[in-house]
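Inspection log for the structure reproduced underneath, given as structure tokens.
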Amino acid sequence: MRAQAEASPPERIRYGLTPFQRALPFLPLAVLGVVIEVIEVMDWMRGEPYSAGAANPFWVWIAMPWLPMIVFPRHGITLTPSAAVVHNLRRRTIPWSDVQGVQAESSLGQRTVVIYEATGRRTRLRAPVTGILCWDRRFEEKFHAIERWWLAHRGPDWAPVPPPWARRDGHSTSDGNPFAPPA
């Protein structure tokens, strides 16, 4: 009975930023806080009075691990059987039947997952993402899981939009989206 419960597919999957990726924007502030605190402690050791505001950068540094959870609470994607729920600045639901492709693309040294819709819209996900400063060693695994989830849940009424080179009217898309419908 237990093996059967473990074998059932999950009802939803959630991918977001890694903890390091969430904390990365605040790293310079944390370093600055530590430097200021070290300078204050050195002044105190020399006998100079300890200022009342000296501990503020230290406490900001201590609070750093929790700040990204407050500032960037939900960037990523939730995969459900009926749709991809994209959590960027706004929450957006994309039905799997409208998705024409899922690709990993490189831009400015980062690889991100891009969802192509039948309307021609491209949605670049904020997570999962990988790059030089924001490395995610499970990026490929997450990308392929999103792709497999789409293939498994796109439904029997899904129909591909023909690529631009296969169209007889000779029209191509202007933005380079291979999944965009004819204009």
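The values are calculated or read from the model by the stated rules, or taken from the named source; none is laboratory data. Quantities reported herein were computed from a predicted structural model and do not represent experimental measurements. All Cβ positions, even for glycine, are placed from backbone atoms using ideal geometry, and neighbour counts span all protein chains on display. Just the protein is used for accessible areas: all its heavy atoms, side chains included, with ligands, DNA and RNA removed. Shrake-Rupley method; radii C 1.70, N 1.55, O 1.52, S 1.80 Å.
Below, the figures for the structure above:
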item	result
Phi to ³J(HN,Hα) by Karplus 6.51 cos²θ - 1.76 cosθ + 1.60 over the range 101-109, Hz, x for Gly, Pro	x, 10, 9, 9, 10, 9, 7, 6, x
Candidate residues 135, 150, 158: accessible-area rank, largest first, probe 1.4 Å	135, 158, 150
Amide H within-cut-off set for residue 84, under 5 Å, with H built and near neighbours excluded	94, 96
Local electrostatic count, residue 79, Cβ distance below 13 Å [Lys/Arg +1, Asp/Glu -1]	+3
Proximal charge balance of residue 148 [Cβ under 15 Å; K/R count +1, D/E count -1]	+1
Gain upon complete extension [residue 74, residue 124; 0.36 nm per residue less C-alpha separation]	16.5 nm
Heavy atoms of residue 157: accessible area, 1.4 Å probe, square angstrom to 10	120
